1. Give the aspartates and glutamates whose C-alpha is closer than 17 Å to that of Lys95, dropping any in the same chain fewer than 8 places away, or say none.
2. Mind listing which GluC sites (Glu not before Pro) in segment 177-211 are in a DSSP loop and have 11 or fewer other Cβ atoms within 10 Å?
3. Label points 7 Å out from Cα along the Cβ direction at Ile232 and Asp190: separation in nm?
4. Taking the Cα centre of segment 4-234 as origin, work out the dipole magnitude from +1 charges on Lys and Arg Cβ and -1 charges on Asp and Glu Cβ, in debye rounded to 20.
5. Set the bar at 25 Å for Cα to Cα. Now go through Lys48/Lys206; Lys48/Lys127; Lys62/Lys127; Lys62/Lys206 and name every pair that lies beyond it.
6. Suppose the chain between Tyr69 and Arg98 were pulled fully straight at 0.36 nm per residue; how much longer would it get relative to their current alpha carbon spacing?
7. Among bridges DSSP assigns within segment 4-234, what percent are antiparallel (round to 5)?
8. Taking 1 over the mean of 1/r across every pair of different Cα atoms in segment 29-88, what Kirkwood radius in Å do you get?
Amino acid sequence: MSDINKLDAVILCGGLGKRLRSVVADEPKVLARINARPFLDILIGHLKRQGISHIVFCTGYKADQIEGYYRENDQGLSFEFSREDRPLGTGGALKNARHFIQSNPFFVFNGDSFCEIDLNAFLDFHKSKLARASIAISPGAQGSDFGGITLDDSARVTGFREKEKETAPRYVNTGIYCFNEDIFSFMPEDEAFSLEYDFFPGLSGKGFYGFCVSQEFYDIGTPARYDKAREILGGPGKDALK
């Protein structure tokens, strides 16, 4: 069993959330309410239950609201905040937070999605493959709304195409990653860039592996998907926020 309590978790939560503003107009989307509590609390509760104790928030849009809420609600965890002064994209935000990351390897999560995976199993997979980067992937619906990922028989990522329309069955990105510290040396020199568009497609063949999960993942990027998350994660008898 992996000693997961020593690993840091970085949560990317600086996105503009433009598609969700028709229903969540006054706060960042990671604070969108489910059962009167922020969506992000679902992810944080999941991390805490599995032993994560140090979390770095990458903030940007409406950063004051996120930082203010979690400074007052630390939930018994150690929180740090890496704020971007201008939009840096998911990759730029992670690179901007590098000096806050203390563990090797470390986890990275998209703050607007949730998948209840076993992080110990994910870390064990990462170590067993001697991976530089591992990505949690789920069998997904076809279409252009999610990225398509292909693997070889050893679970190496052989293709990564973010949000391109295709009809062949493939895996989708759950927004959960495990990275070794040296991942930063493979990133673009640009200050602002996307992990999904500008980094992952070129990482194939460089120690990049896909960890298949069976759990469904939820994101709140659109009003329809937000409604689904509220129904599934916040419905009667659900304990995701406990």
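1. Qualifying aspartates and glutamates at Cα under 17 Å: Asp8, Glu80, Glu84, Asp85, Glu181, Asp182, Glu189, Asp190, Glu191, Glu196, Asp198.
2. Values: sites: Glu181, Glu189, Glu191, Glu196; in loops: Glu189, Glu191.
Taking segment 177-211 and a limit of 11 other Cβ atoms within 10 Å, the loop GluC sites (Glu not before Pro) found are Glu189.
3. Rounded to a tenth, the inter-label distance reads 3.1 nm.
4. Values: 27 positive and 32 negative charges, 48 e Å.
Its charge dipole is roughly 220 debye.
5. Working: Lys48/Lys206 31 Å; Lys48/Lys127 22 Å; Lys62/Lys127 36 Å; Lys62/Lys206 36 Å.
Among Lys48/Lys206; Lys48/Lys127; Lys62/Lys127; Lys62/Lys206, the Cα-Cα distance tops 25 Å for Lys48/Lys206; Lys62/Lys127; Lys62/Lys206.
6. On the way: separation 29, 0.36 × 29 = 10.44 nm, distance 2.28 nm.
Roughly 8.2 nm would be gained on extension.
7. On the way: 21 of 41 bridges.
That works out to approximately 50 percent antiparallel.
8. Details: mean 1/r = 0.0825 Å⁻¹.
So the Kirkwood estimate lands at 12.1 Å.
FYI, it's all coordinate maths here, none of it is from the lab. Worth saying up front: this structure is predicted, and the values here are computed from it rather than measured. Cβ coordinates were reconstructed from backbone atoms using ideal geometry, including for glycine residues, and neighbour counts include every protein chain displayed.
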